[in-house]
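The values are calculated or read from the model by the stated rules, or taken from the named source; none is laboratory data. Predicted, not measured: the structure shown is a model, and the values here were computed from it. Here Cβ is always computed from backbone atoms with ideal geometry, including for glycine, and neighbour counts include all displayed protein chains.
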Amino acid sequence: MRFSSTALIASLAAASVDARSVNPCDKRATPTVYLAGDSTTAKTGGLLMGWGEYLPPLLNGITVVNKAVPGRSARSYTNEGRFTELANLVTAGDIVVIEFGHNDGGSPRSASDNGRSDCPGTGSEVCVSGKTGEKVYTFNHYVETAARAIIAKGASVIFSSQTPNNLWEGGSYGGYGTPVRFVEYASLAAKNLAGTGKASFVDHYQAVANMYLKLGNAKTNSLYPSDHTHTSPEGADLVAKAFAQAVKLAWNGTTPLKGYLKAGNPTVF
Ligand SMILES: *[C@@H]1O[C@H](CO)[C@@H](O)[C@H](O)[C@H]1NC(C)=O
């Protein structure tokens, strides 16, 4: 095999970069924040967009990789190997935001189990799928198992509570979607992993709920062009800004993203 001189110089340059950062525990110069979630975070399209696509302009000095996939729950994201992929990708200093809940409800014991519903409870409960016979675990089992694998690589995990649905649906605030149980579950996951020193919680649900209260009926409804779950690009931008503000306020504890927020981010709630 022959190498061109350009390739040789490039490989020598790469080798000298490696030599300067031999300690595998060193943080990368620019860490990465990975987002694990569903359609409300993902790059969707048409009239809709997930909030993850609007996070990059709110941050400095960190790369955002949006790994959210429409339709996924903590269970299906796990079963498709997506958390394993993330654990393989991260290096020390990276951050993974885990935000699920919209697709996690329902009954896995049902004969029409959709492959997404988690087993009810927050601990070691196990259900058997009424459709496939598969063992189904709780939301906390799935996200905490994923987080432990990610933390073992030296990365941090932020458990973020799911976004609310349109809280002004029907014209009065709170008519739909009183805090869903997955908000508390995400908070509990951070508490359960507090001993690692690498797990934290952002109450994204509460941040967006507060923002919608401030925006009012007409404005909030205008952000939901097709249903009460998925926002327009403008809505996604606001939902990202609410996340950034909650991180800035550190109201449920400090997260490692705080140090990467841009100074001029707007106040939305
Ligand atoms: C997070 O903090 C906010 C502000 O103090 C509070 O309203 C919210 O209830 C907290 N979330 C949880 C799940 O404790």
(1) out of contact with any Pro (no Cβ under 6 Å at 6 or more places or on another chain); (2) within 16 Å of the ligand (Cβ to nearest atom): which one isn't true of ASP227, the others all being true?
-> (2)
Considering segment 189-224, residues that are under 20 Å from the mean Cα position of the chain (by Cα) and more than 23 Å from GLY93 (Cα to Cα), and then whichever is nearest to the ligand (Cβ to nearest atom), we arrive at GLN206
Which ones in segment 216-269 are surrounded by 20 or more Cβ atoms within 10 Å (Cβ to Cβ), of a type in the set (A, V, I, L, M), assigned to a helix (DSSP H, G or I) and out of contact with any Asp or Glu (no Cβ under 7 Å at 6 or more places or on another chain)?
-> LEU238, VAL239, ALA240, ALA242, ALA244, VAL247
Residue check for ALA111: of a type outside the set (S, T, N, Q), at pLDDT 95 or above and within 26 Å of TYR34 (Cβ to Cβ) = no
In segment 225-269, how many are of a type in the set (Phe, Trp, Tyr) and over 20 Å from the mean Cα position of the chain (by Cα)?
-> 1
Which of the residues belonging to segment 47-94 are acidic (Asp, Glu), within 21 Å of ALA240 (Cα to Cα) and in a helix (DSSP H, G or I)?
-> GLU53
Residues satisfying the stated conditions in segment 156-181, i.e. within 11 Å of the ligand (Cβ to nearest atom) and among the aromatic types (Phe, Trp, Tyr) = PHE159
Within segment 87-123, work out how many residues are over 18 Å from the mean Cα position of the chain (by Cα), crowded, with 18+ Cβ neighbours inside 10 Å and under 30 Å from GLY259 (Cβ atoms).
-> 0
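So that you can scan it fast, the table gives a plain yes or no per residue for (1) crowded, with 19+ Cβ neighbours inside 10 Å; (2) touching a helix residue (DSSP H, G or I) at 6+ places or on another chain (Cβ under 8 Å); (3) among the basic types (Lys, Arg):
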{"residue": "LEU35", "(1), (2), (3)": "yes, yes, no"}
{"residue": "THR40", "(1), (2), (3)": "yes, yes, no"}
{"residue": "TYR54", "(1), (2), (3)": "yes, yes, no"}
{"residue": "LYS67", "(1), (2), (3)": "yes, yes, yes"}
{"residue": "ALA74", "(1), (2), (3)": "yes, yes, no"}
{"residue": "THR78", "(1), (2), (3)": "yes, yes, no"}
{"residue": "ARG82", "(1), (2), (3)": "no, no, yes"}
{"residue": "GLU85", "(1), (2), (3)": "no, no, no"}
